[in-house]
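Could you have a look at this structure, given as structure tokens, before my questions?
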Amino acid sequence: MTRSSSKKKRRWSPAAAATTRETTTRSQRPEEKLEEMKKRLKEIEDEAAALREMQAKVEKEMAADQEDPASASETQAEKEEADSRSIYVGNVDYDCTPEEVQQHFQSCGTVNRVTILSDKFGQPKGFAYVEFVEINAVQNAVLLNESELHGRLLKVSAKRTNVPGMKQYRARRPNPYMAFPFGGSYMPPPYYSPYGYGKAPRYRRSMRYQPYY
């Protein structure tokens, strides 16, 4: 027998090709999973490093505020000084602009800033704060109380300084249904019928004489 005849010829078949492809894919899958896991691990480490950096920054700012009470007192003093040069303007028209408010109070003194407060939807609340450069301008601006702007009478008064940690107490109206202590609710007295339990007054015909009835 010759050498060529001793070797068996291998024939190509679709099943054998599929088996070979599946074996190659299986051998590659663990490597791909390992690369994926390494990539996710790196992303998690980057996020953790960013969070640690943010936390360190916040702690540093808090420590600076606690260690330097003088700066906080200076900020409060500056705020009080700015409030002493400011006024409160109420009943402001919703279409009114800061430029119009500034022009209205220009005769009182030099206007430094006009602030019209808005809600979370961007709609004006109907009042504003005007800050002057001179303290004497506040007294002149208070004289414009009940003055008209956009067809409305303005309510002008000196701005009050809000003290941190202090909240104004507003007395509540008495509630007759919560007049009892310990959170007890008001219970109306039971109704008793004057005619007895479950009874109603009987209808009585009039005693008037009716000859043609």
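Kirkwood Rh, Cα Rg: Rg to Rh for the range 83-158?
Using only Cα positions, Rg/Rh for the range 83-158 is 0.94.
Pairs K33/K57; K60/K125; K79/K155; K42/K120: which are spaced more than 28 Å apart, C-alpha to C-alpha?
Checking Cα-Cα distances, K33/K57; K60/K125; K42/K120 exceed 28 Å.
Based on the mean of other beta carbon atoms within 10 Å per residue, what is the order of 31-41, 78-88, most packed first?
78-88, 31-41
Just so you know, all these numbers are worked out from the coordinates, no wet-lab data involved. Predicted model only: the values in this text are computed from it and were never measured. Quick reminder, even Gly has a Cβ in these numbers, built from the backbone with ideal geometry, and neighbours come from all protein chains shown.
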